[in-house]
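> Here it is, the structure in full.
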Amino acid sequence: MADKELSFWGHLEELRRMLFRMILALAILMLLVFLNKSFIFDTIIFGPCSSDFILYRWLCSLGEFLSRYLPSINLCPEAFQIKLVNINLSSQFIIHITTAFWVALILGFPFLLWELWRFVAPALYPKEQRGIRTAFIASSFLFYCGVVMAYVLIFPLALQFFWTYYVSNAVENMFSLQSYVGLLTPLVLVMGLVFQLPIIVNLLSRLGLFDRSFLRKYRRHAIVILMALAAVITPTVDAVSMLLTAIPLYILYEVSILTCRKKREA
């Protein structure tokens with residue numbers, strides 16, 4: 001193929017074009033997010049601040065169902081509306097810009113992956129290209145699964161924990177805008193990246209670094225590592241939130257075993 005015969009400077013030119021397209025796409029998405037400030041912040045970013053958020057409604061419905069068999073159980077949180085405060089002069093403007101960047105990065109993740117695939121595809125054989133194309137689709141799907149889980153489940157539970165936790169009744173909880181957004185955006189992005197585990201394992205197994213029997217042999221060690229990773233990712237110290245994070249990670253590990261190659265016969 002002609003693409004494979006590009007010179008060193010030709011590859012650099014292709015890399016420059018790829019980076020330009022990626023930066024341009026992020027800039028356009030940032031602008032769109034920036035201009036839709038009310039929807040992004042009031043509806044999306046600040047959604048978990050209200051008891052009308054979808055997770056809290058789900059908990060109320062689950063609590064009503066379980067109360068038929070366990071009358072003492074109550075999963076429905078009391079009605080609340082968390083008000084955030086701003087304590088720095090330029091924080092609101094800076095957070096508006098940085099949040100636009102993180103949201104644009106999350107929204108543009110499939111496109112960024114596609115650009116990377118287009119860059120490396122000419123150097124691959126047709127069979128390898130088909131495998132990378134499948135990995136691209138699976139990677140995008142898993143990324144957004146992680147994003148949704150962090151936004152809908154982990155962060156709201158963490159927010160509830162911090163909002164209802166008091167060292168003394170004499171101290172009132174007031175959350176700053178910076179601390180709220182600074183917890184939400186990295187958590188959502190990190191969970192999306194963590195959900196890439198099956199894709200990474202599959203690619204590493206194709207390189208011959210390990211096989212399916214290796215992952216099964218060290219499953220117990222992996223559980224300990226995943227629990228530690230869940231403790232790091234989870235912004236709270238309660239066991240429930242950590243388990244809610246660790247269980248999907250363990251499921252991803254088992255999925256990774258299924259996607260990993262079997263040991264080749266000598």
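The values are calculated or read from the model by the stated rules, or taken from the named source; none is laboratory data. What you are looking at is a predicted structure, and each value in this text was computed from that prediction instead of being measured. Note that we place each Cβ from the backbone using ideal geometry, even for glycine, and neighbour counts take in every protein chain shown.
> Restricting attention to region 80-94, which residues are surrounded by fewer than 12 Cβ atoms within 10 Å (Cβ to Cβ) and either farther than 24 Å from V33 by Cβ or touching a His at 6+ places or on another chain (Cβ under 8 Å) (or both)?
Within region 80-94, Q81, I87 qualify.
> Step by step: first the residues of region 181-217, then only those that are part of a loop (DSSP other than H, G, I, E, B) and at pLDDT 85 or above, then the one that is nearest to I82 (Cα to Cα). Which residue is that? Working first, answer last.
Filtering region 181-217 for residues part of a loop (DSSP other than H, G, I, E, B) gives 195-196, 207-211.
Keeping just the survivors that are at pLDDT 85 or above gives 195-196.
On the way: F195: 30, Q196: 33 Å.
Here the answer is F195.
> Something else: If I filter region 7-29 down to residues being touching a residue at least 24 places away in the same chain (Cβ under 8 Å) and not hydrophobic (A, V, I, L, M, F, W, C), which single residue comes out as farthest from P77 (Cα to Cα)?
By that ranking, first place goes to E14.
> Does A150 satisfy being among the small types (G, A, S), assigned to a helix (DSSP H, G or I) and either without any contact (Cβ under 8 Å) to a residue 60 or more places away in the chain or in contact with a strand residue (DSSP E or B) (Cβ under 7 Å, 6 or more places away or on another chain) (or both)?
Yes: the conditions hold for A150.
> Could you list all residues from region 30-61 that are touching a residue at least 24 places away in the same chain (Cβ under 8 Å), more than 24 Å from Q92 (Cα to Cα) and buried (at least 18 other Cβ atoms within 10 Å of the Cβ)?
The answer is L55, Y56.
> Looking at (1) loosely packed, with under 14 Cβ neighbours inside 10 Å; (2) of a type in the set (A, V, I, L, M, F, W, C); (3) modelled with pLDDT of 85 or more; (4) farther than 30 Å from R17 by Cα, which is the one condition that is false for I97?
(4)
> I'm told P77 meets every condition in (1) free of Cβ contacts under 8 Å to residues at least 24 places away in the same chain; (2) of a type outside the set (K, R); (3) surrounded by 11 or more Cβ atoms within 10 Å (Cβ to Cβ); (4) part of a loop (DSSP other than H, G, I, E, B) except one. Can you identify the failing condition by its number?
P77 satisfies every listed condition except (1).
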